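Nothing in this text is a laboratory measurement; each read-out follows from the coordinates by a stated rule. Please read all numbers here as calculations on a predicted model, not as lab measurements. Note that we place each Cβ from the backbone using ideal geometry, even for glycine, and neighbour counts take in every protein chain shown.
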Amino acid sequence: MKRFGSLSLLALTGALMSCGIGPIDTTAPTATLTITPKALVAAGTVNMTATATDAEGISKVEFYDNGTLIATDTTSPYSASKAYAFADNGTHTLSVKAYDYSANMGQASDTLTVAIADVNEPNDSVAAATALSVGTPVKGVIAGQDRDKDYYKFTAAAGEALKLTVQSVSVDAKSTLDPYVMILMPDGRTVLEKDDDSGAGLESEIRFNAPAAGTYTAVVTSFDIHDDATAKNDRVTNTYQIALTRR
Ligand SMILES: [Ca+2]
Ligand SMILES: [Ca+2]
Ligand SMILES: [Ca+2]
Ligand SMILES: [Ca+2]
């Protein structure tokens, strides 16, 4: 039996050699990944460059962001790029998978930190409020300080029927914010209305009629900061969108 087996293997090897097919490749390619930059504090593009080597040659290199395929490159130098915006805040594992012609795969990865700042900061007082107009939503984040509050100002006519919403996961599935919002009268002190979760899920919504013509202020923060005078809630993933509409 042994003799028969080795003869068989010899015959098979001979047949493969005569067909011009070499030994079966089971060695995975080696890969490296370089990402530039490794951290983003403003919206921008990240460039990924990979090297991949294999005795048999490389058939393709795939680029992934948190496990999602973003690009495939079949020619060296292997590269890809991706634009990141506010809603991408958080940690991203960028990785490459390099394949040879026998489907062996070698991989490499690195970490990208996206912490894009709230462009409306500092908006921590009535005097520094960001302008908000009907029909034009504004995006922000409760981050950058232990107890961030974001102030927005808008004008309303007497009796004007309006709706103010502060959405978190509805507009950014990765948002960690449980929003809380308060509307101040034109004196900048008297609270007209406040809301925690009248919107979808934990999101805030206030429907109101402006009692008088003037400039009102909306103050956005997290429920934690509102509820606990010592709570700290500083996360780049505390993203939200504030919007004012007529109803
Ligand atoms: Ca190989
Ligand atoms: Ca903020
Ligand atoms: Ca602020
Ligand atoms: Ca809430």
Ranked list, fewest to most other Cβ atoms within 10 Å of each Cβ, for Tyr78, Tyr84
Tyr84, Tyr78
Given the DSSP H assignment, sum -39500 (n - 2.57) over each helix run of at least 4 residues in the chain and divide by its residue total; what's the result at 222 nm in deg cm²/dmol, nearest 500?
-2500 deg cm²/dmol
How big is Rg to Rh over region 118-171, alpha-carbon atoms, Rh as the Kirkwood inverse-mean-distance radius?
0.98
Quote the charge dipole size of the chain about the Cα centre in Debye, to the nearest 20; the model charges only the Cβ of Lys and Arg (+1) and of Asp and Glu (-1).
560 debye
Note down the magnitude of the dipole of region 130-246 about its Cα centre, charges +1 on Lys and Arg C-beta and -1 on Asp and Glu C-beta and zero elsewhere, to the nearest 20 debye.
400 debye
Restricted to the chain, the DSSP antiparallel beta bridge percent, nearest 5, is 95 percent
Counting other beta carbons within 10 Å of each Cβ, put Ile116, Ile242, Ile70 in order, fewest first.
Ile70, Ile116, Ile242
Between the modelled labels at Arg246 and Ala157 (7 Å from Cα along Cα→Cβ) the distance in nm is 0.7 nm
Placing +1 on the Cβ of each Lys and Arg and -1 on the Cβ of each Asp and Glu in the chain, which of Thr75, Val114, Val236 has its Cα farthest towards the positive end of the resulting dipole?
Thr75
Going by how many other Cβ atoms sit within 10 Å of their own, how do Arg235, Arg207 line up, fewest first?
Arg207, Arg235
State the extension gain, in nm to one decimal, for the chain segment bounded by Ser102 and Ile24, taking 0.36 nm per residue of separation less the distance between their alpha-carbons.
27.3 nm
Given backbone amide H placed at 1.01 Å from N, residues whose amide H is under 5 Å from that of Ser204, ignoring those fewer than 5 places away on the same chain, are Val166, Gly199
Given a Förster radius of 45 Å and the C-beta distance between Ala200 and Ser79 as r, what FRET efficiency does 1/(1 + (r/R0)^6) yield to the nearest 0.05?
0.65
Any idea what angle helix 2-18 forms with the longest principal axis of the chain, computed on alpha-carbon atoms, 0 to 90 degrees, nearest 10?
70 degrees
